[in-house]
Every structure is written in structure tokens, then in C-alpha cells.
Amino acid sequence: MKVLVIGGGGREHAIVWKLSQSSRVDRIFCAPGNTGIAEIAECLDIKADDIDSLLNFAKYEGIDLTVVGPEVPLTAGIVDTFVKAERRIFGPDKSGARLEGSKVFAKDFMRKYGLPTAEYKTFTSYHHAEEYIRLKGAPLVIKADGLAAGKGVFVCETSDEAIDSLKLIMKENAFGNAGSKVVVEQCLKGEEASFMILTDSKTVVPLATSQDHKTIFDGDKGPNTGGMGAYSPAPVITNSLHSRIMKTVIDPMMKGLKREGINYRGVIYAGLMICEGKPYVLEFNCRFGDPEAQPILMRLESDLFDMLKAATEGRLKDVQVTWKDDSAVCVVISSKGYPGTYEKGKVIKGLDEFKGKRNTMIFHGGTSLKKERIVTSGGRVLGVTALGKDIQTAKQNAYKAVEKIHFDGMHYRKDIADKAIKRE
Ligand code: AMP
Ligand code: GLY
């Protein structure tokens, strides 16, 4: 079988790596891919949002399954276009991708179908939002409605901070059209977890649990990023909490999708806040998390190709999904300046010794080749991911590997997985 993976980050590297282990997969293409992906797949000079060129390639090459990594092509309707052209593709259509593409839609959906979530109000007028912020008082969370690469959410401890964030979104248009609407939300205190499911719209397969580290600095300080590290499983999700999440979040969500006429085939990622043992939904994503996919896919024992193909064919009930008992920890190494403007073109040293290893993987996020040397080209450069018999061992293995890698201005958090270790 021939597979095309769309995207070029650490998540896509992990997806390609896992697909390459399937006995059914003969060739993998990746658009655009990156330097790490190029070692195991054929990378194409096609951007992830160039839907027409991607479809042309899939037709020309006779691709059996296209797998979409990032949210941008999903919300732009790549699945609708491929399905219309009778090409098999994994991911939700445009109507399903709205769960991530519009925070206003997602919050209204949660309210309509009774999912536990923070109290909120939505605004299209700057003045009304400002008035509301003054009335409510801090702490508050201000969210741009549309896609903002994980950077359009501001957790504000004072009203002034909240108003500054509102200005950035609605007056300075920092996120363009994505900021024409905002959600102003009650601030929840608790511990976060990422809960992903795979669905063909009839069967729901919960994936292994995980936890992300959103902020740039240790101790959950500093601005939000796309994610600075993740581990799996997340011990904060005990067996009883898992059942509770399935009952109070996933079941009503699936019922809601059906009622809305959304035939969702793909991954749904619920970003949860666990407050006093109860789950609240902070956000939905319509795809695998990045970096959560890296540790999760390292723990996956089953054949990813079979799982994704079955989801597109409505046959998920026939698929058994199993996980390694090992834990996995991923530490993201980022470029100096990220999540703001960051440096590029720095030579990365120390990657060679990880070739061929199966328990420690260096997933590339933002890398490219310059005069045959691997250089940095993105904000999140590498996702150093290791397995271990428990989280503590996996963490040690991951940081041991991080210490062998070097580029100018590299930054990483030193406290990835500490919350889990405290619980172990
Ligand atoms: P989101 O993209 O909505 O998940 O928001 C990104 C991050 O902002 C989350 O992972 C949380 O760390 C934080 N966040 C979002 N909503 C809330 C909330 N209502 N209360 C506290 N923190 C939040
Ligand atoms: N790690 C958070 C996300 O993928 O959105």
C-alpha cells in the first residue's frame, strides 16, 4: 500500500515512523515532511495546505490512504475535497474540524450537549467584551475564536492583562480573522490532561492518555506554546476518572456530533482540566496532539495503518488496539525566541548516535538541510522521546538523550513529567 502523510512536524514524524512499521505499507510519501522524515519517507515539495496539489499527487501516484496531521488543511476542507474525488483519507471533514477551527462553535456545542466546561461568553464587539471583563474581574481566560497555532489563548491573572490580550486579538489583529470573535472564559484551576479518541463515528477507541506542557518555561510559567513536552500514560487519569470522562464527555460529544449530522472519522482530542476529580473540557482538537502523538505512538503496539484505514472505512469495531506497558516521555527542544520570533539555520549536532535505536527516538519538528548539515528551521525543533519501565525511567532516558544534542540557543524545559512522577 502507498500512504501519503500531510504535515512536517514532530507529530508527522511519529506518524510516518509508526506507519513504516506496518507490513502492509510499501511506500510512504510526506508533504512537505522534514529532514528526519526524509530518512524513512519520500518528502514532497508540496505545502500541507495546498489541497489541489495534494489531491493531484494522490491521484497520480495512486495513493491508497492519505493521513492528515495538522489542523489547517482539515479546517480548510481537505477531507471533503478528497472524498468528493473518491480518494481515501483519514481525518474529519470540514464540519467536524469546526470543533477545533472555531472555539465559539466548540463552546456552544459543549453547552448544547451538556459537556462539562468553563462558564463563558462570546463576543464580536471589542467594547462589549471589555465591559464584560471589567464586570467579571480576573482571573479570566481570553481566547481568539479561530486557529492560532496554540498561541491565541491568554490566561490572565488581572483585568488589565485580560484587556491587553483582548486588544491584541481584536484591535491589533495579531491572529488576523481568527480574532474577529473571542471567547471570554472562567479560569479553571486544576491539572490538565489530553484525552484522545479514534472514531469512525460509530465506534470509539480511546487512545492512551497523556499530558502536555503548554508553557515555555519550567513550573508552567511564561507564554503558551504549541507544547514543550508530553508523557504517556497520564496517572492523573485514574481508571474511575477514565470511565467518568467517557460518560460525561465522550458519550455526549458523540451524541452531539450525530445530532448535528457530523459523520466524524478521525481523532478527537479533548484538552481537559481535572478540577477536584472532575473533568472539564478546555478545548477540542480535530487531530493527534503534538507533542502528545510522539510518546503515544511510541507506546502503541498495534498497526497504525490498520487502525487509520479501518476508521476511514467505518470498520473500527473490528480493530484491536493494544499498548506497551512502558511509559514514554517526550522533551521538546525549541529555538531561541520561540514562541515569539525565533532563530533559524543553527547547525544541530549529536543526532547521529540515535540512528537505528527503537527505545529513544528523535522526532524532528523544525529541521532542514543546509549544505548537507541538519539545521534548525522551526520553533519546536526536536521531540526527544524515550520509553522506560515507568515515567521516571522514561524521563531519565529522554533527558540523557537531550544532553547529547546541541545547537546554538537551544531551549528545553527541565521539568517534563515531574507532575506524573510525584504521583507514581
Ligand atoms: P486551549 O487552546 O483552549 O486548550 O487553551 C490553551 C491552554 O490555555 C490550555 O491548555 C490551558 O493551559 C489554558 N486554558 C485554556 N482554557 C482555560 C481555562 N478555562 N482555565 C484555565 N486555563 C485554561
Ligand atoms: N499539544 C497541544 C496540541 O496539539 O494542540
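Taking 4 °C and 1.567 mPa s as the conditions, I'd like the Stokes-Einstein D for the range 21-149 in µm²/s, using the Kirkwood hydrodynamic radius from alpha carbon pairs. Numbers along the way, then the final one.
Details: Rh = 17.6 Å.
This corresponds to a translational diffusion coefficient of 74 µm²/s.
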Q | GNM top mover of L387, L351, L166 - the chain, alpha-carbon springs below 10 Å | A | L351
Q) Are there GluC sites (Glu not before Pro) in the range 178-276 that DSSP marks as loop and that have at most 12 other Cβ atoms within 10 Å, and which are they? A) E276
Q. Using a simple charge model, +1 on the beta-carbon of Lys and Arg, -1 on the beta-carbon of Asp and Glu, nothing else, what dipole does the chain show about its Cα centre, in debye to the nearest 20?
A. 300 debye
Q: Convert each backbone phi in the range 356-369 into a coupling constant with the Karplus relation 6.51 cos²θ - 1.76 cosθ + 1.60 (shift: θ = phi - 60°), then list the ³J(HN,Hα) values in order as whole Hz, x for Gly and Pro.
A: x, 6, 10, 9, 10, 10, 9, 7, 7, x, x, 10, 8, 9
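Using the Cα gyration tensor of the range 190-261, with a ≥ b ≥ c the square roots of its eigenvalues, what is the shape: rounded (a/c below 1.5), prolate (a/b larger than b/c) or oblate (neither)? Walk me through the numbers on the way to the answer.
Values: a/c = 2.51, a/b = 1.86, b/c = 1.35.
Taking the square roots of the gyration eigenvalues as a ≥ b ≥ c, the range 190-261 is prolate.
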Q) Helix-derived [θ] at 222 nm for the chain: sum -39500 (n - 2.57) over DSSP H runs of at least 4, divide by residue count, nearest 500? A) -8500 deg cm²/dmol
Q: Send over the semi-axes of the range 173-324's equivalent ellipsoid, whole angstrom and largest first, taken as the square roots of 5 times the C-alpha gyration tensor eigenvalues.
A: 26, 20, 17
**Q.** Positive-pole candidate from V104, G277, I142, dipole of the chain, charges at beta carbon
**A.** G277
(Q) Under the rule of at least 5 residues apart or a separate chain, name every residue whose amide H is placed under 5 Å from the amide H of T225. (A) T215, I216
Q | ³J(HN,Hα) computed for each position of the range 214-224 - Karplus, 6.51 cos²θ - 1.76 cosθ + 1.60, integer Hz, glycine/proline x | A | 6, 8, 6, 10, 4, x, 6, 10, x, x, 6
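Considering only DSSP beta bridges whose two residues both sit in the chain, what percent are antiparallel, to the nearest 5?
On the way: 62 of 77 bridges.
Close to 80 percent.
With a ≥ b ≥ c taken as the square roots of the eigenvalues of the C-alpha gyration tensor of the range 1-68, please select rounded if a/c is under 1.5 and otherwise prolate if a/b is larger than b/c or oblate if it is not? It would help to have the intermediate numbers written out before the result.
Values: a/c = 1.91, a/b = 1.14, b/c = 1.67.
In terms of gyration-tensor shape, oblate.
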Q: Kindly write out, for the range 5-18 in residue order, the coupling ³J(HN,Hα) from the Karplus curve 6.51 cos²θ - 1.76 cosθ + 1.60 (θ = phi - 60°), rounded to whole Hz, with x marking Gly and Pro.
A: 9, 9, x, x, x, x, 4, 5, 4, 5, 5, 4, 4, 6
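May I ask you to derive the FRET efficiency for K414 and K324 from their Cβ-Cβ distance with R0 = 30 Å, giving the value to the nearest 0.05?
Values: r = 26 Å, r/R0 = 0.86.
The pair K414/K324 has a calculated efficiency of 0.70.
Normalised by the number of residues in the range 137-191, what is the relative contact order in percent for Cα pairs under 8 Å and 6+ residues apart? Write out the running numbers ahead of the final one.
Values: 92 pairs, mean separation 24.7, N = 55.
The value is 45 percent.
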Q) Dividing the Cα radius of gyration by the Kirkwood radius, what Rg/Rh value follows for the range 290-367? A) 1.08
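So how do D408, D290, D325, D218 line up by other beta-carbon neighbours within 10 Å, fewest first? Before the final figure, lay out the partial values.
Numbers: D408 12, D290 31, D325 9, D218 15.
Listing D408, D290, D325, D218 from fewest to most nearby Cβ atoms yields D325, D408, D218, D290.
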Q. Which values, in whole Å and largest first, are the semi-axes of the equivalent ellipsoid of the range 371-424 obtained as the square root of 5 times each eigenvalue of the Cα gyration tensor?
A. 26, 12, 9
**Q.** Efficiency of FRET from Cβ geometry, T393 and K371, R₀ 45 Å, rounded to 0.05
**A.** 0.70
Q. Can you pull out the trypsin sites (Lys or Arg not before Pro) in the range 1-94 that DSSP calls coil and that have at most 14 other Cβ atoms within 10 Å?
A. R24
Q.
Below 8 Å between Cα atoms, with a sequence gap of 6+, how large is the relative contact order for the range 357-424 in percent?
A. 26 percent
Q: Please report the relative contact order for the chain, taking Cα pairs under 8 Å with a sequence separation of at least 6, and give it as a percent rounded to a whole number.
A: 16 percent
Q: Restrict the search to the range 283-342; then list the GluC sites (Glu not before Pro) that DSSP places in a loop and that have at most 16 other Cβ atoms within 10 Å of their Cβ.
A: E301
Q.
Would the chain count as rounded, prolate or oblate if I go by the C-alpha gyration tensor, calling it rounded below 1.5 in a/c and otherwise prolate when a/b exceeds b/c, oblate otherwise?
A. rounded
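Throughout, read-outs are computed from the coordinates displayed, never taken from laboratory work. Just so it is clear, the model here is predicted, and its values are computed rather than measured. Positions of Cβ are generated from backbone atoms using ideal geometry, with glycine treated the same way; all protein chains shown enter the neighbour counts.
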